[in-house]
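Data first, discussion second: the structure below is written as structure tokens.
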Amino acid sequence: MTEANASERLGAVVVLHEAAEELSKLEVVWVDQGYSGENFAQAVKHICGEQVRVEVIERISKTFERLPKRWIVERTFGWLNRFRHLSKDYELYTELSEAMIYGSLIRLMIKRMAA
């Protein structure tokens, strides 16, 4: 989450910089049109390594269309909203929110593996 007067691209670069150690094996970054531009792609390559590709998922028509890769994110948010504790942002610390997300997704995977 960034300030209203800060750009989304700058916020994304800051997040990537903070998590640079965990992103050493990253190959592709999918972004929407708000993150397009050669400067953003170069910043991502500088932080994550030259092997990283930035792919912009663009709308082709003015009418509704299912965008590739976007459904993955939306589906995951839908799964997480089924857990009462994750339906709102109750946590004070982001580490605790992250732990709740991991716990919920682990529970979901175990439930599917058992079926």
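What follows draws every value from the coordinates through simple rules; no lab data is involved. Remember, predicted model here, so these are calculated numbers, not experimental data. Don't worry about glycine lacking a Cβ; one is built from the backbone with ideal geometry, like all the others, and counts go over all protein chains shown.
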ask   = So what are the ³J(HN,Hα) numbers for segment 33-44, from phi and the Karplus equation (6.51, -1.76, 1.60; θ = phi - 60°), rounded to whole Hz, Gly and Pro as x?
value = 5, x, 10, 6, x, 5, 5, 5, 4, 5, 5, 5
request  = Can you tell me the relative contact order of segment 30-93? Whole percent, Cα pairs under 8 Å, sequence separation 6 or more.
outcome  = 27 percent
query = Helix-derived [θ] at 222 nm for the chain: sum -39500 (n - 2.57) over DSSP H runs of at least 4, divide by residue count, nearest 500?
reply = -15500 deg cm²/dmol
ask   = Ordered by packing density, taken as the mean number of other Cβ atoms within 10 Å over each peptide's residues, highest first, how do 27-40, 76-89 rank?
value = 27-40, 76-89
ask   = Where a Cα-Cα gap under 17 Å defines reach, which lysines qualify for Lys25, not counting those fewer than 8 residues away within the same chain?
value = Lys45
ask   = Just the Cα atoms of segment 69-115, one point each, no solvent: what log10 I(q)/I(0) does Debye give at q = 0.32, 0.33 Å⁻¹?
value = -1.16, -1.17
request  = Find the Cα radius of gyration of the chain, compare it with 2.2 N^0.38 Å by division, and give the number to two decimals.
outcome  = 1.25
